[in-house]
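Beneath this line is the structure, given in structure tokens, with notes to follow.
The values are calculated or read from the model by the stated rules, or taken from the named source; none is laboratory data. Since this is a predicted model, take the numbers as computed values, not measurements. With ideal geometry, Cβ positions are generated from the backbone for all residues, glycine too; neighbour counts draw on all protein chains shown. Areas reflect the complete protein model, heavy atoms only, side chains present, ligands, DNA and RNA absent. Shrake-Rupley method; radii C 1.70, N 1.55, O 1.52, S 1.80 Å.
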Amino acid sequence: MMDSSSPCDQSLLSAECEEGINEDENLYQKLLLQAAQEMQSQVTPNSKPIKPEPGFCVKTKTSDGGKVFVNICQSSQVPPPPDISEAELVELLQSEDPSGFRVPMSLGEPHAEIDNSSNGCTAYDVVINPKFYNKTKGSELVLEFLIAVSFEGLENKYDLQLCREWKILKNRKFLGSIADQNIRTKPRPGIQELESRLGESPPLTLTVEPPQGEPQYLIAEISLPKVPSSRSLVLDLGEDRMVLSARPSLYHLDCFLPFIIDPESSAAQHHRGTRILTITMPVIGSA
């Protein structure tokens, strides 16, 4: 479905803007790019700058015909997703909740560029961990999955609708200039912990409500069979991170969340009978 014979791909190869952009328009496009790069380079609190390395460039278009390029980049500063085999990925995609597997990524601001035909276009930089990036080299399934979740991430963040017919550029790894990005960092949660006494990692199940459409709540269920009462639990929630400790050194859980949540409005309940801790977290954005 991705070959050059597809109708959608043929339309991508045709010029979608008028020929002969004049010098003033070219200057305007460059100024837009410079402004976007300057905005992206500004460091915000609880963040750190990263310098993405180029990977490959995907060509597609928006629902209204605008030409779009997605630069898939890599940086070790972006955390990797859980390790998953191709067979496990197939099983996940066929399951009722394929959204349970999340790929951490940093989505850069749109920047105006000029393509090889001297036509205006828009480019986005998507940064992932090199470990997961390398998986795309040996698996067409992983490659298509990465592009699909990258498109979904851009659509959710920038209110886009991208064509699902795409083409990877053969002779260039990126379009335009790849700007530095800022990713969120969190100070280590203020709980007392010694590396030799953290305790075992408890089973964790994450679900979203409602199951279909835009998620409103992220629900975590953590099985704690050795914990009879919530009085021994210390829970620390950040916007995209959850840390749980069960004293004395029974359990320890430290994980990043697939969504941005509202810690202040979250609620936790420990069921003494099942010994399951349920944490309900309002979703306020994509991670």
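Observations, loosely collected:
- Of the residues screened, Gly153 is not one that is free of Cβ contacts under 8 Å to residues at least 24 places away in the same chain and more than 17 Å from Lys67 (Cα to Cα).
- Residue pairs whose Cβ atoms lie under 8 Å apart, sitting 6 or more positions apart in sequence or on different chains, and linking a residue in the range 56-80 that is acidic (Asp, Glu) to a partner that is surrounded by fewer than 22 Cβ atoms within 10 Å (Cβ to Cβ), do not occur here.
- Sole residue being among the charged types (D, E, K, R), touching a helix residue (DSSP H, G or I) at 6+ places or on another chain (Cβ under 7 Å) and closer than 28 Å to Ser150 by Cα, chosen from Glu221, Glu239: Glu239
- Of the strands (runs of 3 or more DSSP E) lying entirely inside the range 21-140, those containing at least 3 residues that are modelled with pLDDT of 85 or more and either in contact with a helix residue (DSSP H, G or I) (Cβ under 8 Å, 6 or more places away or on another chain) or open to solvent by 60 Å² or more (accessible area, probe 1.4 Å) (or both) span 53-61, 67-74, 111-114, 120-128.
- Note on the range 254-281: residues that are in a strand (DSSP E or B), more than 20 Å from Gly153 (Cβ to Cβ) and not hydroxyl-bearing (Ser, Thr, Tyr) amount to 9.
- Only residues that are touching a residue at least 40 places away in the same chain (Cβ under 8 Å) and assigned to a strand (DSSP E or B) were counted in the range 228-253, giving 13.
- In the range 211-227, the residues that are outside any strand (DSSP E or B) and open to solvent by less than 50 Å² (accessible area, probe 1.4 Å): Pro215, Leu224, Val227
- Meets criteria (of a type outside the set (Ser, Thr, Tyr) and more than 26 Å from Ile50 (Cα to Cα)) for Ala87: yes
- Just one of the listed residues (Phe145, Phe151) is in contact with a helix residue (DSSP H, G or I) (Cβ under 8 Å, 6 or more places away or on another chain) and either closer than 22 Å to Ile183 by Cα or open to solvent by less than 50 Å² (accessible area, probe 1.4 Å) (or both), namely Phe145.
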